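Data block below; observations after.
Please treat every number below as a calculation from the coordinates, not as lab data. Just so we're clear, the structure is a prediction, and the values are computed from it rather than from any experiment. Neighbour counts run over all protein chains shown; Cβ positions are idealised from the backbone, glycine included.
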Amino acid sequence: MALLAGVAGLASAFSFLLPPLAGSLVLGSSIGLIMAGPVSGLGAHSTHREKSRTPEERLNEAVAVRRRTAKIEREAALEGFDRVLATVEKVGDPLFGERAGRELELSMARMTDHYPEWDPEGRLRTYFLLKKIGSNLNAGNAGAYLEVAYRTLEARGKEAAQISHDTLGGRVELIYRDPESGSARHLAGTLLLMNRDDLRYIEGIVTDALHLWSDERFEGLLLDFRALIAMPEETKAEVETLLKKEMAKAARARDASAMARAREILRVVIPGAPLRA
């Protein structure tokens, strides 16, 4: 016992030389050893108390822990969302920098992975975020801003799509119609997610890709069709049916390009399939 007390004393005396975490580990180890000793009896008392708790008490504690954890995650997600809001206006600036880009990426990941389901704070933050994107978006910076728009629409789902019509307006559509910026990353995917409830619009994007897009645009935007994976099963089924019809039509017309493109889009829509033959 004297030896243990001596260890604890040494740890206390020299804790100022240690970083905070290291100091707490040393002290924690010493205290843990003392508490586990047979003289104190604290370990046995704790075990007895645990066994004497009713199932209801254990359940109530588990629920309380889960709520505390959820609250911590929610607050962290809100902070991440606010960092995105504070940063997003600078995304299109060439001086934005790699480090700032990594910080934005981390904030986006936290926002999309942990942000709670729709509540007033979630709706307001998403509205302001998409409005800032719409206010700053142009053909020159489309790649940077559409990355944030796409990630937000993908994570926040149907309601974010509804908000996007009032905030992004026709800006994304104008860029899509502009041949100079037609291959901006996530351009087609953003439009697909914005119009997720409009099957005719979605089919229009697919047929554009088969027959109108340049080879450069098709190669650049092919993976945007992953946006369809997050949509309702009936929508995916309709797109698959359309693609198979287009493949049959291309075979009759001996249109090798349309056939190959339809096959590649179909493989993107069906997860796990290789992108190329």
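Observations, loosely collected:
- Computed label-point distance, nm, for sites E56 and E173 using a 7 Å Cα→Cβ extension: 6.0
- With 26 Å as the limit on Cα-Cα distance, the pairs of K90/K131; K158/K249; K132/K236; K132/K158 that go past it are K158/K249; K132/K236.
- The value of relative contact order for segment 198-277, using C-alpha pairs under 8 Å at least six residues apart, is 32 percent.
- Dipole size of segment 121-274 about its Cα centre, with +1 on Lys/Arg Cβ and -1 on Asp/Glu Cβ: approximately 140 debye, rounded to the nearest 20.
- Linear extension gain, A253 paired with K158, 0.36 nm per residue minus alpha-carbon span: 30.4 nm
- Whole-number Å³ per residue for the convex hull built on Cα positions in segment 198-277: 86
- Calculated FRET value between A230 and E105, using beta carbons and R₀ = 22 Å, to 0.05: 0.65
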